[in-house]
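Undergrad: Here's a structure for you.
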Amino acid sequence: MTTSFHRLANPARFQKFARRALPWSWAVAVLGLGSGFVWGLALSPADYQQGDTVRVMYVHVPAAWMAMACYALMALLSASFLVWKHQLAGIAALAAAPVGACFTAIALITGSLWGKPTWGTWWVWDARLTSVLVLFFLYLGYMALAGAFDDRLRGLRAASLLALVGIINLPIIKFSVDWWNTLHQPASILRAGGPSIHASMLWPLAITALGFAAFLVAILLVRIRSELALWRTEALMRRQTRGMT
Amino acid sequence: MTTFGALVRRDLALATLRGGDAALTLVFFVVAVAVFPFGVGPDPDLLARISAGIIWVTALLASMTSLERLYRVDLEDGSLEIMALSAQPLELQVAAKCLAHWVTSGLPVVVLSPLMAMLINLDMAAWWILIVSLAIGTPVLSLVGSIGGALVLGARKSGALIGLIVLPLQVPVLIFGIGAVEAVLRGGPVWPPLLIEAAILIAGTPLALWASAVALRMAIE
């Protein structure tokens with residue numbers, strides 16, 4: 001596992017891997033999202049309490065999962081960048097950040113849209129919503145820090161460290177928000193019967209989630225390649241200007 | 001240890017001399033708390049209910065006012081490189097910087113908090129817990145803030161950036177700091193939030209010192 005991870009740190013080998021993996025991940029993404037959405041949004045049964053609004057779940061829940069997975073991936077890549085100086089890993093983390101932020105935003109917006117009919121308000125300081133909001137802020141901080149330096153590499157290194165600090169903090173934030181929430185709102189709005197979900201809803205959810213994951217992989221590969229191209233172009237341009245002066 | 005003491009003394013001197021940050025931070029804390037009644041209205045009951053939150057959030061903001069300069073001045077005059085080159089571990093010197101920052105920004109807030117609590121009508125029974133929770137929590141504000149101050153060294157626009165980086169990370173200590181005071185007001189158990197807050201301080205100290213030192217080394221490379 002670790003050796004194959006290190007092998008990918010070679011840009012040429014990564015490009016080869018990306019070229020081969022990209023069509024497959026796109027295919028799984030289209031199939032998973034397509035069938036999952038048709039099944040979940042049209043064919044699956046409506047909830048006996050929430051009616052058709054329950055279908056928001058098929059977008060909301062996978063998006064939230066991807067948002068968290070993307071941050072974990074970003075922290076892992078940042079650690080690899082800081083520890084082993086794999087520049088590709090750092091660039092990959094940089095490429096992952098806006099994707100993760102978008103999934104977080106989708107989770108927040110769909111959560112808000114789901115909240116209006118079921119809870120009667122666009123936003124409640126529910127424990128999950130709140131910790132996802134903080135996750136969104138962490139993404140924003142990472143991106144802002146990475147972009148705040150004239151020297152790109154310097155910004156990337158600072159942001160990578162921030163990603164690591166964030167991943168240590170994330171469970172603490174999650175725990176504290178849960179604690180805070182039970183203190184402030186004694187389970188009046190939290191939806192009941194969370195754990196048990198019927199198979200007729202679980203299957204489309206699982207398939208949609210698979211589609212989301214494949215989409216995440218595909219979009220990451222595309223973004224890492226474009227980010228790599230950007231860095232390489234800039235390095236070339238720097239070399240040229242240095243040659244001229 | 002002498003380096004540690006010298007650093008603390010130097011930073012304290014710089015902060016308390018004419019034009020230093022310490023007095024300004026204090027005035028900022030007082031004025032910022034005093035602005036809240038204008039925002040939410042003078043109703044004593046309403047103020048009493050939100051006063052712990054007001055004081056804690058204002059303490060957080062006050063701790064951030066001098067973060068941007070915490071390491072920038074050292075970077076600009078070259079003392080940061082001397083710190084990094086010295087035989088003392090950089091983490092220990094970061095600890096000295098954080099201690100000085102806390103003495104000039106956190107400690108005055110702790111001392112002044114009863115006065116401000118009186119102004120915005122916090123129940124007197126909660127004063128002691130407010131002081132204790134601030135005494136445990138404000139060092140965390142300095143330590144986590146130090147990470148932010150070190151990370152933005154050399155950035156183009158560091159002021160607002162520090163806020164974006166540091167504020168989300170301060171959420172846990174804020175929650176448990178206020179939680180302890182709320183517990184008194186609601187008659188719940190005070191110890192759990194206080195102990196968790198102390199745990200955050202104890203576990204967070206080495207992590208914050210390490211992260212700050214790593215960020216500082218990045219800045220001078």
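Undergrad: Any chance you could count how many residues in the stretch B:33-49 are surrounded by fewer than 18 Cβ atoms within 10 Å (Cβ to Cβ), in contact (Cβ under 8 Å) with a residue 24 or more places away in the chain and among the hydrophobic types (A, V, I, L, M, F, W, C)?
TA: 2
Undergrad: Taking residue B:57, is it crowded, with 16+ Cβ neighbours inside 10 Å, touching a Ser or Thr at 6+ places or on another chain (Cβ under 6 Å), at pLDDT 90 or above and of a type in the set (A, V, I, L, M)?
TA: Criteria not met by residue B:57.
Undergrad: Kindly provide the set of residues from the stretch B:147-172 that are within 18 Å of residue A:132 (Cα to Cα) and either in contact with a Gly (Cβ under 6 Å, 6 or more places away or on another chain) or touching a residue at least 60 places away in the same chain (Cβ under 8 Å) (or both), ordered by number.
TA: Correct list: B:164, B:165, B:166, B:167, B:170.
Undergrad: Somewhere in the stretch B:19-28, is a residue over 13 Å from the mean Cα position of the chain (by Cα), farther than 23 Å from residue B:170 by Cβ and outside any helix (DSSP H, G or I)?
TA: Yes; the residues of the stretch B:19-28 include at least one that is over 13 Å from the mean Cα position of the chain (by Cα), farther than 23 Å from residue B:170 by Cβ and outside any helix (DSSP H, G or I).
Undergrad: Scan the stretch B:1-30 and report the pairs whose first residue is within 24 Å of residue B:55 (Cβ to Cβ) and of a type in the set (S, T, N, Q) and whose second residue is surrounded by fewer than 16 Cβ atoms within 10 Å (Cβ to Cβ) and modelled with pLDDT under 85, with Cβ atoms within less than 9 Å and a gap of 6+ or a chain change.
TA: Hits for this filter: B:16/B:23.
Undergrad: Residue check, residue A:107 against (1) more than 24 Å from residue A:179 (Cα to Cα); (2) away from chain B (no Cβ under 14 Å); (3) at pLDDT 90 or above, all met but one. Which one?
TA: Evaluating residue A:107 over (1) more than 24 Å from residue A:179 (Cα to Cα); (2) away from chain B (no Cβ under 14 Å); (3) at pLDDT 90 or above leaves (1) as the failure.
Undergrad: Kindly indicate whether any position in the stretch A:166-185 is farther than 17 Å from residue A:129 by Cβ, in a helix (DSSP H, G or I), modelled with pLDDT of 90 or more and within 14 Å of chain B (Cβ to nearest Cβ).
TA: yes
Undergrad: Where residues in the stretch A:123-135 are of a type outside the set (A, V, I, L, M) and either over 17 Å from the mean Cα position of the chain (by Cα) or within 12 Å of residue B:169 (Cα to Cα) (or both), which of them is farthest from the other protein chains (Cβ to nearest Cβ)?
TA: Among those residues, the one meeting the criterion is A:123.
Undergrad: State whether the residues of the stretch A:223-241 include one that is under 13 Å from residue A:33 (Cβ atoms) and modelled with pLDDT of 90 or more.
TA: No, there is no match, as no residue in the stretch A:223-241 is under 13 Å from residue A:33 (Cβ atoms) and modelled with pLDDT of 90 or more.
Undergrad: Here's a check for you: in the stretch B:146-201, which residue that is outside any helix (DSSP H, G or I) and more than 9 Å from chain A (Cβ to nearest Cβ) is farthest from residue A:165 (Cα to Cα)?
TA: Out of the qualifying residues, it is B:187.
Undergrad: While we're here: Inside the stretch A:138-154, can you point out the residues that are buried (at least 19 other Cβ atoms within 10 Å of the Cβ), free of Cβ contacts under 8 Å to residues at least 60 places away in the same chain and facing another protein chain (nearest Cβ under 7 Å)?
TA: Residues satisfying the conditions are A:141, A:144, A:145, A:148, A:149.
Undergrad: Identify, from the list A:75, A:105, A:79, the residue that is closer than 24 Å to residue A:204 by Cβ, in contact with a helix residue (DSSP H, G or I) (Cβ under 9 Å, 6 or more places away or on another chain) and either of a type outside the set (Lys, Arg) or surrounded by fewer than 16 Cβ atoms within 10 Å (Cβ to Cβ) (or both).
TA: A:105
The values are calculated or read from the model by the stated rules, or taken from the named source; none is laboratory data. No experiment lies behind these values; they were computed from the predicted model shown. Positions of Cβ are generated from backbone atoms using ideal geometry, with glycine treated the same way; all protein chains shown enter the neighbour counts.
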